[in-house]
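Colleague: I am attaching a structure below and will ask some questions about it afterwards.
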Amino acid sequence: MSAVEQVVAQYPGAARDSLIPILQAVQEVDGYLSREAVSVIARHLQLAPSKVYGVATFYNQFRFQPKGRFHVQVCRGTACHVKGSAAVLESLKRTLKLEPGQTARDGSFSLEVVACIGACGLAPVLSVNGEIHAGVAPDKVNGILGVYRKRVAD
Amino acid sequence: MIRIEANDKVIEGKDGETLLTTLRRGGIHIPTLCHLEGLLPSGACRMCVVEVEGQNGLVPSCAFPVRDGMKVHTHTRRATRARKTIIELLLANHPDDCLYCSRNKDCQLQDMAAELGVRQRRYSGGRCIARPDISSLSVVREPAKCILCGKCVRVCEEVQSVSAIDFIGRGSHTKVGPAFDTGLHVSSCVDCGQCILACPTGALSERSSFKNILSAIDDPKKHVLVQHAPAVSVTLGELFGAKPGVDVAGLMTAALRRLGFDRVFDTSFAADLTIMEEASELVQRITQNQPLPMFTSCCPAWVDFAEQNFADLLPNLSTCKSPQQMLGAVLKSWYAKREGIDPKDIFTVAVMPCTAKKTEARTHGMDHDGVPDVDAVLTTRELARIIRMRNIDLASLEPEAADTPFGGRSTAGKLFGASGGVMEAAIRTAHVMVTGKEMDNLKVQAVRGMQGVKEGRVKMGDLEVGVAVVSGLANARKLANEVRAGRKDIQFIEVMACPGGCINGGGQPIGADIEAVKARAQALYLIDRDGDIRTSHANRDVQRLYDEFLGKPLGHESHRLLHTEFKARNAGE
Ligand code: SF4
Ligand code: SF4
Ligand code: FES
């Protein structure tokens with residue numbers, strides 16, 4: 001049994017109202033929702049894959065590509081927003097050439113928007129594999145990423 | 001009794017119906033974008049808003065139950081303004097490339113913008129940059145033109161129980177597409193084209209085959225043959241201004257000759273051939289204890305659906321190819337030999353009411369000796385476009401007859417165009433095969449009509465056969481599930497994916513309501529009532545084909561050319 005099948009097996013006889021918890025549980029295990037995972041879940045709930053995918057894409061929390069080696073999360077919570085996180089996100093998108101939810105082809109970086117990291121005093125905040133960078137200005141993004149880019153190159 | 005006053009006119013309503021239905025019955029035109037006849041209202045577009053006295057805001061008539069004594073105003077300044085704003089907002093991110101659109105002059109969005117007097121771009125939003133999806137051989141999606149009314153999603157789910165597509169994402173990024181936003185070709189889509197009929201814009205259309213066909217016609221080395229399906233001649237006229245239910249078979253044949261096709265054949269001939277094979281197969285299955293019930297296999301969307309969802313029932317599908325493929329195969333074998341033409345120099349075109357036929361023509365097994373049975377498929381809509389493009393005035397032509405050696409058809413073959421028609425034709429011939437006698441009354445009332453599920457019992461001498469006819473794949477799924485669960489009282493099941501059958505196929509004129517579909521069916525039944533040859537086995541051209549070439553039904557040559565096999569598969573394979 002695959003990891004995903006093990007997860008859905010914990011929801012015997014589940015109906016469509018269990019879809020979100022199952023999606024969350026599968027993402028917890030796999031790190032993202034693969035095509036295979038979506039079809040396993042769809043079969044288990046007797047839903048069409050397009051339905052499962054449709055619901056999943058409605059929520060920001062689900063991703064459909066595996067995380068990159070460096071997973072960049074940018075906070076778009078209220079405090080960060082007030083301190084200009086929209087511009088930080090724009091700068092990240094431009095520098096990484098990625099949209100939120102995407103992973104670079106070479107697997108180096110992935111980008112995600114999160115609602116609140118819980119470090120509002122340090123806003124605007126971004127985190128790379130859990131390392132917090134505080135008070136990020138849009139023009140600092142390239143420098144911060146440079147450190148990780150070097151590590152990718154090594 | 002319910003009586004309402006609408007724009008100072010009294011209209012009678014029926015208990016339980018919506019205000020929209022009542023108003024429309026009263027002859028009042030209410031524009032709608034998300035409303036789908038026969039399905040629950042979604043209330044998404046708000047185009048149908050009207051003023052009801054005593055109600056504060058505007059009410060969506062499609063979702064509002066009619067009540068006695070209502071006073072309604074449908075085209076007040078307030079209501080029309082609201083509608084106009086909705087259209088203007090929808091146009092805010094629309095590509096506005098009407099000139100290049102396949103639905104130009106046949107588009108609900110365009111019509112409404114004109115009707116409401118939209119004359120300038122009042123709102124401007126970011127355009128949707130999603131690229132067209134041309135991965136399917138049958139259906140093209142252009143998400144940039146989509147206004148998110150959701151009709152295709154609901155038809156695909158509720159009428160077809162396929163759910164190949166759904167809303168993806170949310171907010172201004174929402175679009176409609178298959179799981180993982182891939183191409184339709186790797187989804188569970190069965191190419192029925194019902195979503196195209198539902199779409200108010202050019203976001204969904206058929207994959208066009210113009211170019212290949214016109215090139216073949218221009219190629220002096222190519223012998224280009226065309227066949228037209230039973231359901232086409234009773235709908236083509238609508239695209240040239242006739243009311244639904246007018247049969248233009250003779251005019252269409254004349255037009256096809258003007259277009260440069262070397263020979264024009266009627267697929268109804270091959271429908272008769274199909275019946276000879278299929279009725280023989282049914283009798284064989286019953287007498288030799290082979291898998292029953294037998295399902296028909298002439299609808300490629302149903303076959304695709306069965307291959308994806310009912311692997312265990314595939315032995316129950318008739319092994320017959322569809323009439324389109326049978327005729328193609330005979331043209332590139334017997335006909336080629338008879339005329340002394342290399343089958344490789346023959347190009348066969350099929351005019352079909354259907355989008356799935358385009359994919360069927362390219363399906364594995366639909367060929368023999370290295371040549372495809374059918375080279376290209378045109379929908380009814382595409383044929384009308386070509387006729388216009390070549391400036392052929394349909395109305396001024398004299399009706400012409402189809403070419404020999406496949407000119408003859410029975411009216412039973414013609415019935416293939418309506419849900420229940422294949423069944424009726426098969427019963428007429430199976431009766432003779434079983435009892436040696438013709439039926440006293442050829443009309444099989446139980447399988448006629450617009451209902452999605454029809455059942456009956458037919459006596460053939462001492463044999464009683466349970467028959468069922470379903471159209472709409474959701475109905476097919478239900479019945480197939482009953483069979484799977486052990487239902488035993490039915491021996492023969494006809495399935496057509498499109499509600500009402502091919503007369504309402506995904507390649508037919510857009511915008512037909514249930515009354516129009518009924519009129520199309522009626523046209524077929526009239527042709528049958530007044531026909532000289534009303535059974536497939538009485539078709540002399542079919543008899544000759546067996547005498548000179550095929551031998552007997554289910555014989556060796558039949559198996560090689562006219563039958564096929566089915567393979568279970570997952571979506572996208
Ligand atoms: S062609 Fe039929 S099956 Fe495919 S998306 Fe449209 S409605 Fe669904
Ligand atoms: S593709 Fe057409 S039918 Fe489907 S949601 Fe868009 S506009 Fe509506
Ligand atoms: S038709 Fe009534 S809300 Fe769309």
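No value in this document is a laboratory result; all are computed from the given coordinates. All of these numbers come straight from a predicted model, not from anything done at the bench. FYI the Cβ positions are ideal-geometry reconstructions off the backbone, even for glycines, and counts take in every protein chain you see.
Colleague: Taking the Cα centre as origin and putting +1 on Lys and Arg beta-carbons and -1 on Asp and Glu beta-carbons, what dipole magnitude results for region B:211-562, to the nearest 20 debye?
Modeller: With only Lys, Arg, Asp and Glu charged at Cβ, the dipole is about 480 debye.
Colleague: From the backbone phi of region B:90-101, what are the Karplus-calculated ³J(HN,Hα) couplings (6.51 cos²θ - 1.76 cosθ + 1.60, θ = phi - 60°) in whole Hz, Gly and Pro given as x?
Modeller: Computed from phi, the couplings for region B:90-101 are 5, 7, 4, 10, 7, x, 6, 9, 3, 4, 9, 8 Hz.
Colleague: Before rounding to the nearest 500, sum -39500 (n - 2.57) across all DSSP H runs of length at least 4 in chain B and divide by the residue total; then give [θ] at 222 nm in deg cm²/dmol.
Modeller: Theoretical 222 nm ellipticity from helices: -9000 deg cm²/dmol.
Colleague: Given the alpha-carbon gyration tensor of the protein assembly as shown, what are the semi-axes of its equivalent ellipsoid in whole angstrom, ordered largest first, with each equal to the square root of 5 times an eigenvalue?
Modeller: 50, 32, 26
Colleague: Just tell me which lysines come within less than 25 Å, Cα to Cα, of A:Lys140; anything on the same chain fewer than 8 places away is out.
Modeller: A:Lys67, A:Lys83, A:Lys93, A:Lys97, A:Lys150
Colleague: Moving on to the next point. What shape does chain B have by the C-alpha gyration tensor, where a ≥ b ≥ c are the square roots of the eigenvalues, rounded means a/c under 1.5, and otherwise prolate means a/b greater than b/c and oblate the rest?
Modeller: Prolate is the answer for chain B, as a/c is 1.5 or above and a/b outweighs b/c.
Colleague: Can you give the local net charge around A:His44? Use residues other than it whose beta-carbon is closer than 12 angstrom to its beta-carbon, Lys and Arg +1, Asp and Glu -1.
Modeller: Neighbourhood net charge equals +1.
Colleague: Here's a follow-up. Which residue, B:Gln508, B:Gly486, B:Ala571, has the largest displacement toward the positive end of the dipole of region B:462-573 when charges sit on each Cβ (Lys, Arg +1; Asp, Glu -1)?
Modeller: Comparing the listed Cα positions along the dipole, B:Ala571 ranks first.
Colleague: Among rounded, prolate and oblate, which fits region B:409-471 when a ≥ b ≥ c are the square roots of the eigenvalues of its C-alpha gyration tensor, a/c under 1.5 means rounded, and a/b larger than b/c means prolate?
Modeller: Taking the square roots of the gyration eigenvalues as a ≥ b ≥ c, region B:409-471 is oblate.
Colleague: What does the charge count near A:Val4 come to, summing +1 for each Lys or Arg and -1 for each Asp or Glu among other residues with Cβ under 10 Å from its Cβ?
Modeller: So the surrounding residues net to -3.
Colleague: Give the cysteines in chain A for which no other Cys Cβ lies under 4.7 Å away, or write none if there are none.
Modeller: Taking the Cβ cut-off of 4.7 Å, the unpaired cysteines of chain A are A:Cys116, A:Cys120.
Colleague: Looking at region A:3-58, I'd like the Rg to Rh ratio, where Rg is from alpha-carbon atoms and Rh is Kirkwood's inverse mean 1/r.
Modeller: 0.90
Colleague: Further question: Relative contact order, percent, of region B:439-553 when contacts are C-alpha pairs under 8 Å separated by at least 6 residues?
Modeller: 17 percent
Colleague: Something else about it: I need to check one value: relative contact order of region B:73-210, counting alpha carbon pairs closer than 8 Å and at least 6 residues apart, in percent.
Modeller: 26 percent
Colleague: How would you classify region B:508-573 from its alpha-carbon gyration tensor, with a ≥ b ≥ c the square roots of the eigenvalues: rounded for a/c under 1.5, else prolate if a/b is greater than b/c, otherwise oblate?
Modeller: Taking the square roots of the gyration eigenvalues as a ≥ b ≥ c, region B:508-573 is oblate.
Colleague: Determine the dipole magnitude for region B:89-206: charges of +1 sit on the beta-carbon of Lys and Arg, -1 on that of Asp and Glu, nothing else is charged, the reference point is the Cα centre, and the result goes in debye to the nearest 20.
Modeller: Roughly 480 debye, rounded to the nearest 20.
Colleague: Whose amide H sits under 5 Å from the amide H of A:Leu126, counting only residues 5 or more places off or on another chain, with H placed in the peptide plane?
Modeller: A:His133, A:Val136
Colleague: Also: Along its three principal axes, how long is region A:70-153 when you only count alpha carbons? Whole Å, largest extent first please.
Modeller: Result, largest extent first: 33, 21, 21 Å.
Colleague: Cα extents of region B:86-190 along the three principal axes, largest first, in whole Å?
Modeller: Answer, in whole Å and largest first: 41, 27, 25 Å.
Colleague: Across region B:449-564, how large is the tail of the calculated P(r) beyond 19 Å, expressed as a percent of all Cα pairs?
Modeller: When every Cα pair of region B:449-564 is considered, 66 percent fall beyond 19 Å.
Colleague: Would you please state the base-10 log of I(q)/I(0) at q = 0.14, 0.18 1/Å for chain A, with intensities from the Debye formula using one equal scatterer on every alpha carbon?
Modeller: Once normalised to I(0) and log-transformed, intensities are -0.74, -1.01.
Colleague: So if I place +1 on the C-beta of Lys and Arg and -1 on the C-beta of Asp and Glu, and nothing else carries charge, what would the dipole magnitude of the protein assembly as shown be about its Cα centre? I want it in debye, nearest 20.
Modeller: 2220 debye
Colleague: Rounded to the nearest angstrom and ordered from largest down, what semi-axes does the equivalent ellipsoid of region B:2-75 get from its C-alpha gyration tensor (root of 5λ)?
Modeller: Taking √(5λ) for each eigenvalue gives 17, 14, 11 Å, largest first.
Colleague: Based on alpha-carbon centroids, what's the gap between region A:1-31 and region B:154-230 in Å, whole number please?
Modeller: Here the answer is 33 Å between Cα centres.
Colleague: Please compute P(r) over all alpha-carbon pairs of region B:260-307, binned at 5 Å starting from zero, and give each bin as a whole-number percent.
Modeller: Values per bin, smallest distances first: 5, 17, 18, 19, 18, 11, 6, 4, 2, 1.
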